[in-house]
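Pasting in a structure now, in structure tokens, and then I'll have a few things to ask.
All of the numbers you see were taken from the coordinates with simple rules; none came from a lab. Quick caveat, the model's predicted, so the values are computed rather than measured. All Cβ positions, glycine included, derive from the backbone under ideal geometry; neighbour counts span all protein chains shown.
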Amino acid sequence: MQNRTEKTEKQTRISQKFKKLIIGSVTLSGGLLIATTFSFADTNLPAAMTAWTSQQTKQANDYIIGMTEAESTKQKARLITEVQEKAKESADEIQKYASQKSLESQEELQKYGDQLIQQIDSKNEKDVQEAKAKIDKIIQNAQEQVKEQINEQVPTVNSKNNDDSNETSNSKNDDSQNKNSQEQSSEEGQQ
């Protein structure tokens with residue numbers, strides 16, 4: 001039984017301590033409530049709340065603006081870096097494209113130049129051939145005219161012997177002169 005009584009005594013002690021603790025906390029809370037009521041009784045509570053709210057809003061706003069500016073600066077720096085990298089890549093691509101197009105146009109110009117040179121060479125060759133043909137024609141015409149003039153100048157056979165020998169020698173001289181002029185003409189044609 002003694003055990004029982006010890007248990008009940010312990011329980012009563014704990015419950016008494018607990019009661020004292022509860023009574024103390026209620027008293028303390030009530031005292032604080034009364035103290036705050038008296039302390040706020042002489043101040044304008046709605047104005048104080050508005051001021052506190054304004055202050056908290058301003059601090060939050062300043063914090064948000066500061067963070068936004070910091071993030072904005074950070075993102076601007078990142079954007080500038082990205083733009084510079086993209087611009088460099090674009091410049092490299094443009095340079096490659098320009099070099100490629102330049103080489104292609106140089107090759108096309110080279111081919112076109114070669115074609116023009118071939119056309120000029122073939123045209124010059126044709127011109128030379130045409131000039132040779134014209135010169136040959138001129139020589140043939142000159143030879144024909146010389147032959148006609150010789151035939152016209154050759155006297156008839158019924159002249160005197162002296163005249164025949166003189167005329168024969170004259171015609172021989174004319175023939176040799178004609179041959180010399182023909183040789184000169186053909187040499188000029190070959191040149």
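For LYS86, what charge total do you get from the other residues with a beta carbon under 12 Å from its beta carbon, if Lys and Arg give +1 and Asp and Glu give -1?
For residues surrounding LYS86, the net value is -4.
Could you tally the net charge around GLN95, taking each other residue with its Cβ under 13 Å from the Cβ of GLN95, Lys/Arg +1 and Asp/Glu -1?
In short, 0.
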